[in-house]
Amino acid sequence: MIRRASEFWTERKVTWYRRALERSDYAETVLGVLAPLLARCRSALDVGAGCGALAIPLAERLGQVTAIEPAPAMAKALRERAHARGVRNIEVIEAAWGDVPVAPHDLVLCAHVGELLQPDAPFLRGVASVARRGVALVRDTGRERDKFFFRELYPLWLGRPYISGCEHEETVEGLARLGLSPTVTFVSYRSDQPFTDLEEACDFWEEYLGLEGEPLRAFLREFLAKRLVPDGSGWIAPYPKQAAVIWWRVGGPTDQRGGAKR
Ligand SMILES: C[S@@+](CC[C@H](N)C(=O)[O-])C[C@H]1O[C@@H](n2cnc3c(N)ncnc32)[C@H](O)[C@@H]1O
């Protein structure tokens, strides 16, 4: 069963997520791919905006951004970051997609929101009704490396393989069934996770595994000491990430919605 985003994104996980973003080239990489689309846009709707990794830099470029984000801890972090950067043209709607009506925006963006990017997700069918100029989706690729060593850790500690969610091919297949043939641009960026010390790193893995206890902690201390990389006075979990930016134009002479089933 998929855990609700509001339960999954605890304050602590959001703090770690923000710290990784602070040193990541994620936003500049993804928005670089979308430059031709952004040139035609004055507003954007970021669905599942998280703490604003893309919504905030978009608000710095465009006239108006709306961020839909159901997890209270993420929405709070988004508001705080926007405030700290003096970004005022961003509206945060604390809700899940489909729970509230949303007005059309020039660009609709949805990055790394697993449940909305499944091939049969209602979001893929509904997005055309709120996008005036373009849609951009960001998804992990099949070339994704071992996220936080889970592929190694799950069999070792849980005795089962780590099954990751759907990848970009499935989303593209879902779009093809709707008559859409988007551009797919592969990107690489850093998503390294910093930690102040090994104990904090153990907290991180305990939280993500949803387990705790001294035997696990002892195992993690030894396991992580061999895999994390010293970084200043702390450590990082190196995470070179690969993603697919799936995007298409809406409206005008290049409209590709003609054959879409609604
Ligand atoms: C992995 S984070 C990605 C955040 C941001 N898009 C980014 O790229 O950094 C996924 C976000 O999607 C949100 N989310 C999950 N289900 C959602 C839904 N049904 N509607 C809108 N947002 C959702 C989560 O709360 C979380 O903040």
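The values are calculated or read from the model by the stated rules, or taken from the named source; none is laboratory data. Quick caveat: nothing in here was measured; it's all calculated off a predicted structure. FYI the Cβ positions are ideal-geometry reconstructions off the backbone, even for glycines, and counts take in every protein chain you see. Only protein heavy atoms, including side chains, enter the accessible area calculation; ligands, DNA and RNA are left aside. Shrake-Rupley method; radii C 1.70, N 1.55, O 1.52, S 1.80 Å.
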Here are the criteria: (1) open to solvent by less than 50 Å² (accessible area, probe 1.4 Å); (2) touching an Asp or Glu at 6+ places or on another chain (Cβ under 9 Å). Tell me which single one L124 does not satisfy. (2)
How many residues are open to solvent by 70 Å² or more (accessible area, probe 1.4 Å) and part of a helix (DSSP H, G or I) when one looks only at region 158-169? 1
How about region 45-69: which of its residues are farther than 20 Å from S24 by Cα and more than 7 Å from the ligand (Cβ to nearest atom)? L45, L62, G63, Q64, V65, T66, A67
So if I check each of E80, E69, E167, E91, which one is over 25 Å from A35 (Cα atoms) and of a type in the set (D, E, K, R)? E80
Mind listing just one residue for me: the one in region 89-121 that is assigned to a strand (DSSP E or B), within 14 Å of the ligand (Cβ to nearest atom) and closer than 16 Å to V135 by Cβ and, of those, most open to solvent (accessible area, probe 1.4 Å)? W97
Within region 3-22, track down each residue that is under 10 Å from C51 (Cβ atoms) and either near the ligand (Cβ under 10 Å from one of its atoms) or surrounded by 18 or more Cβ atoms within 10 Å (Cβ to Cβ) (or both). W9, V14, Y17, R18, L21
Here's a check for you: in region 70-88, which residue that is assigned to a loop (DSSP other than H, G, I, E, B) and near the ligand (Cβ under 9 Å from one of its atoms) is surrounded by the fewest Cβ atoms within 10 Å (Cβ to Cβ)? P70
Which residue is surrounded by the most Cβ atoms within 10 Å (Cβ to Cβ), if the candidates are limited to region 226-249 and must be of a type in the set (K, R) and more than 19 Å from the chain's Cα centre (by Cα)? R249
Test L137 against the criterion of being within 16 Å of the ligand (Cβ to nearest atom) and not hydroxyl-bearing (S, T, Y), and give yes or no. yes
Is it true that F148 is within 30 Å of A225 (Cβ to Cβ) and touching a residue at least 60 places away in the same chain (Cβ under 8 Å)? yes
